[in-house]
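No lab work stands behind these numbers, since they all come straight from the coordinates. Keep in mind it's a predicted model, so treat the numbers as computed, not measured. So basically every Cβ, Gly included, is an ideal-geometry build from the backbone, and we count neighbours across all protein chains shown.
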Amino acid sequence: MPATTNSSPCASRSERRAGVIWHTQGSGKSLEMVFLIGILRRWPGLNPSVVLQVDRTDLDNQLHENLVAAREVVGTVHQADTVDDLRTLVQTEGGEVVCSTIEKFRLREGERRHPVLSERRNILVIADEAHRSQYGLLEGFAAFLRQALPNASFLGFTGTPIDKQDANTVQLFGDYIHVYDMQQAKEDRAVVGLFYERRHIPLDLANEQIDADLEEITEEQEVALEAGELEQAKAKWAAVERAAGTRERLAVLAQDLLEHFNRRQQALQGKAMVVCMSRRNCVALYDALTALPNCPEVRVVMTGDITKDPKAWSEAGHITTRQKREEIKARFVDPDDPLKIVIVRDMWLTGFDAPSANTLYVDKPMKGHTLMQAIARVNRIFRDKPGGLIVDFIGIGDELKAATRKYTAGGGRGNLTEDLIEQAVHYFFLQLQATASNLPSNQPYARWRDLSATELEDVCNRCYGTLAADEALREDFLADEHRLSKAFSLVSHLPECRPHFDEVAFYQMIRKQLRKLSPTARQSVEDLDRAVRDLLDESITAQPAVDIFAVAGLDRPDISILDDQFLAGFKQQENQDLQVRLLARLMQDDLEARRRQNVARYRSFKQMLDEAIARYNNGSIQAADVVATMVEMRRKQLEDARRKAELGLNDEELAFYDVVAHGAPDGIPTDNEWIAGLVREVVVAVRDNVKVDWTKAHRRDVYASVQSAVSRVLRRRRLKGEQFQFMLKRLMQQAEANYEDWPLAA
């Protein structure tokens, strides 16, 4: 929001340069545009028109879709499909948003100067990726745009820094008005960090010095160019492209890529993008990959012309319509869809979000802004994804260093990428040591698969017992293990880290069992929010984990075992500490499940259990005393169940029954059936009138309506005076206890 609030007053500057907002890729520039337009719409007397400019059709479509989805905030949204369409849409009285590619500000045949479309001053032109070369002021589309809208204000958004030498951009938009760099974005968890891994597969080329300038030619431009123009434009590119696309090299690349991807999948679920130099290389790599065993589903995403491209490309489904590409995109974005890898040349390298994508395989020379935008495809937040990985097959390391220098020279903090070997491997071994330090020393954690079942159970018993007895140590272990698993998911495919697979798997097994000591709600949320895989997944190994309940000597995880007979046997048991903590967790889960049915009873039982556990932790009582408390709680639960059956009440109604059946003054009927009938009516009356926050001071009117409804029930029962006041007070207290968190209490 600082960027939007900073830019709002800028839109009315006299020089019409609103400034440049540099926010790192993946931090939400599209949403910032939405918020800014929403703020401007509410600016008194402004009623602006907003012309949103991008330089590619796919980005135009994506931004248009985002704005339409937020039309309640931004207002009317139009998309200019043609030059004539654009000229018509900007000649209005204001208040609308027009999305267009910048090339639609071009001259018609016979025009020497772009005609003035509007002289209004309440027009704001927002340019996405404001560093692009076509924003030249003396010639090109930016000059035409200035001629068309001479009094408009110009605001630039960019995900990469502006070149210091780029005078055109500064002259058109102005200086930075807000910077949100990689360092800040990572600290805010808006993006994840990126790591670089070199897996260079050499080219059979005498001179591998690659001219990357021509990678700016997009697929759409390539398809549109005539054959002679295309060959002339790509003369420098062609030799390298052919060398990169030889059958022999692509066979090696496909084998290495697939092994790399499948190994990473064992530790980190996610998807991958592959960037090739040409459409021909995309198709050839697809053929090489899909010919290998254990290859997941792969798709090529590119444009084409069925009249010019090889027929085999269309037959294989590589030449796709826009609708088909949208379908592929939806599948790739879905983390549960079996489509795991997409191969592209330049599509989806800007303005595309697939949060579960964590690996970018690069086999195409790139540099500068294009490189910075491409690597950001894998920096999106997804569950506990530890980072994105850039795998370099062609040698972009120097260009990454140059991009980093440009990034920091532009005022950005933080590195674009970190070296996988230098940073992630070192961190992994630190976390491996930290995790092991929480457990008993001198144990064969790395060799647990070689142990007999009895030996393994003994090792696990020592770990479970140590961690169950010390809550702080247990929390330290869980935190260290989670960091270890995330680190291993980044480096699990590397030869120096792969031998530690079994040790990491053991710590994960301990963590999964320890979760049984935690409340179920917390366990389920933390486990669901994981991208990092457990290495003991059934698809990887058939070896079962050592169950913590079995180690503790509990036949089944069920509080129904709590009775006097169990208590008598418990005093003779080993592993008493582990047993009592597992039973306490089971009792807590059972209480939580009953909480909303009878809040008063829940609080009473919870207080009993919490006090017993606290006294046990400070050594004032023994484990058997805690079990005795739980046996007593279980006895009361069974008694409640019996009374519910006799009275024909549910848990919710029984809570109201208990507060009025005891301690009532003379004159109130003591007949159980009479009281049961009363509380059934009261529960219906309360539920019919209660609303969100009804017990808060600002909702006293709702509280009064609930109290009136209960009063009417009591009057129908002929209660007056002291009896009426007693019943009303008790019933309203119980209503507040039961329904304070409405509608959660429903």
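Model label sites at A239 and N47, defined 7 Å from Cα along the beta-carbon direction, differ in position by 6.3 nm. Phi-derived couplings, Karplus 6.51 cos²θ - 1.76 cosθ + 1.60 at θ = phi - 60°, listed residue by residue for segment 189-197: 6, 7, 9, 9, x, 10, 10, 10, 10 Hz, with x used for Gly and Pro. For the listed residue pairs K104/K329; K104/K367; K29/K691; K186/K606; K324/K512; K29/K512, the alpha carbons are over 30 angstrom apart in K29/K691; K186/K606; K324/K512; K29/K512.
Once the Cβ-Cβ distance between K311 and T290 is put in as r, and R0 is 22 Å, what FRET efficiency do you end up with, to the nearest 0.05? Working shown, then result.
Numbers: r = 19 Å, r/R0 = 0.86.
The calculated FRET efficiency here is 0.70.
Database remark: amide H of Y361 closer than 5 angstrom to the amide H of M273, V274, V275, V391 (H placed geometrically; neighbours at sequence offset of 5 or more, or on other chains; Pro and chain starts carry no H). Obtain the nm distance between the two label points defined at L728 and E422 by a simple spin-label model: each point lies 7 Å from its Cα along the Cα-to-C-beta direction. About 7.7 nm separates the two model spin labels.
Once you sort the root eigenvalues of the Cα gyration tensor of segment 419-519 as a ≥ b ≥ c, which label holds: rounded (a/c under 1.5), prolate (a/b larger than b/c) or oblate (the other case)? Oblate, since a/c reaches 1.5 and b/c is not below a/b. For segment 605-658, the Cβ-based charge dipole about the Cα centre amounts to some 220 debye (Lys, Arg positive; Asp, Glu negative; other atoms uncharged).
Express in nm, to one decimal, how much length is gained between K720 and D384 on full extension, taking 0.36 nm for each residue of separation and deducting their alpha carbon distance.
So the chain would gain 114.9 nm between K720 and D384.
Taking 0.36 nm per intervening residue step and subtracting the Cα-Cα distance, what contour gain separates E187 from D688 on full extension? It would help to have the intermediate numbers written out before the result.
Working: separation 501, 0.36 × 501 = 180.36 nm, distance 4.72 nm.
Length gained, E187 through D688: 175.6 nm.
Working ranking of peptides 478-485, 293-300 by packing, defined as the average number of other Cβ atoms within 10 Å per residue, highest first, is 478-485, 293-300. Taking a ≥ b ≥ c as the square roots of the Cα gyration tensor eigenvalues, with a/c under 1.5 meaning rounded and otherwise prolate when a/b beats b/c, else oblate, which class fits segment 290-424? Verdict is prolate for segment 290-424.
Can you tell me the FRET efficiency between R198 and Q433 if r is taken as the Cβ-Cβ distance and R0 is 25 Å, rounded to the nearest 0.05?
Working: r = 27 Å, r/R0 = 1.07.
After rounding to 0.05, the efficiency reads 0.40.
Using R0 = 45 Å, the C-beta based FRET efficiency linking H662 and A469 works out to 0.65.
Net length available on complete extension from R642 to A402 is 78.8 nm, with 0.36 nm assigned per residue and the Cα-Cα distance removed.
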